[in-house]
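Structure first, commentary second.
Just so it is clear, none of the values below were taken in a lab; they were calculated from the coordinates. Treat the numbers as computed from the prediction; the structure is a model and nothing was measured. As a convention, Cβ positions derive from the backbone with ideal geometry for all residues, glycine included, and neighbour counts pool all protein chains shown.
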């Protein structure tokens, strides 16, 4: 029966990872990526690897979205300036 | 497989699937609300798994998520503030639902651990999670009020 | 060295690796089997050094040298990012405008900041007992500091975050790990051997020999490295602009 839990978490990871690929805008991708981190953390815990799950939660819940969104903001700002300059 | 793990499986299916659906499509505001809801769902699943596997140390996962999950949502609310131009329709209902789901899980976990430091820790996780969820959700529903203001801070 | 010669050397190396890898594969234990020869030995070695969290014992005792490599990777990559994201001659610094943050968010962030700091330090300190350790706790501590950016604005964060100090902390954490390793060498055994101090009492904070000490150095290194990394990203996204007329 424990396999059911493993199967559910594996399906959740597969579904979220597919969604992360299908969403094309980087800012929206960061949102799906953060949910993918949550699904991966559940999978790692179900596989009895809480240390890895904790690493995933620590990095994936706030740090990765912050890095991605800051990069997106920088790139967009540069694009906007170039449009204004023309 | 005990009752805790059955509950965790049901919560995963009933909670995480709508969250994945919600974050993958729709207006940006709805997606952030769905992501916020996902944090709560997974935090509660972690509490249930800690009970189900009889490993009190696994509650650390729920603790870290209860601290950092709402921070992640606030990061999205802050850095996407110019684009959250529509009030999330189901924002309030979703938040009320997740906060209401927090209570039974925390109470059941406390009852199972018995009085002591472990129970205090579980209550602390529940309070942190509910408070973070409510604050993040209120920020999201307030973000649409001044959508034209672009912040360069 | 010509391109052709380099490809030949690569091919020889790849062939050698493939041969050794294929020779090793048949002797691996079957997937999902009952016998875990490495796991049993690792658990026995962890219990012999009174470390409750076997993963911490593997990371910081049995394979502490590998963790030194991982730590150095983070150190080097942050160093590379600092060099890449520096302010160039064509860019200028624009003071960021103060942000208007809703009052509940401000209160929540300022209340959560000490809580998150304590949770991070707790995760570092309990690495030898429960899931977690230097890396996870260090990331939580670094994220906690950035609650100031969420709760107030970038200027408030800059006031309490002298990047120079964190750069020194980053290097000091890396150096302290090496010094602890050398202490093992001086004490008469090998580099990073867990023989410097006593093993303590099983399942208490003072257990596992040098495992908690190594966790602390890694926690310091990771926390400082993440702060420095985010400082570069925030500078680029918030403060630095290219000169007009580019």
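Points to keep in mind about this one:
- Modelled this way, with points 7 Å down the Cα-to-C-beta line, the labels at residue B:96 and residue B:119 are 3.1 nm from one another.
- Exposure proxy ranking, count of Cβ atoms within 10 Å, fewest first, for B:30, C:146, C:36: C:36, B:30, C:146
- Once the Cα atoms are used to define both axes, helix C:163-186 deviates from the longest principal axis of chain C by about 20 degrees.
- Listed from fewest to most Cβ neighbours within 10 Å, the set C:81, A:16, B:98 follows the order C:81, B:98, A:16.
- When restricted to Cα atoms, the stretch A:2-85 yields an Rg and a Dmax of 16.2, 61 Å, respectively.
- When only alpha carbons are used to place a centre, the stretch C:17-85 and the stretch B:60-134 end up 34 Å from one another.
- Cα gyration tensor category, rounded, prolate or oblate, for the stretch B:3-142 with a/c compared to 1.5: prolate
- The ranking of B:41, B:75, B:13, A:59 from fewest to most other beta carbons within 10 Å of each one's beta carbon is B:13, A:59, B:41, B:75.
- Relative contact order (%) - the stretch B:3-142, alpha-carbon pairs under 8 angstrom, separation at least six: 30 percent
- Once the Cα-Cα distance is subtracted from the 0.36 nm per residue extended length, the residue C:5 to residue C:110 segment shows a gain of 31.8 nm.
- Shielding by partners, peptide C:131-138 (average Cβ within 10 angstrom, other chains): 6
- Angle in degrees between helix A:2-22 and the longest Cα principal axis of chain A, rounded to the nearest 10: 10 degrees
- The overall shape of the stretch C:3-242, judged from the alpha-carbon gyration tensor, is oblate: a/c is not under 1.5, and a/b is no greater than b/c.
- Extension gain from residue C:70 to residue C:28, taking 0.36 nm per residue of separation minus the Cα-Cα distance: 12.6 nm
- Estimated FRET transfer efficiency (residue A:6, residue C:163; beta-carbon r; R0 56 Å; 0.05): 0.80
- Förster-model FRET efficiency, 45 Å R0, residue C:103 and residue C:201, C-beta, rounded to 0.05: 0.40
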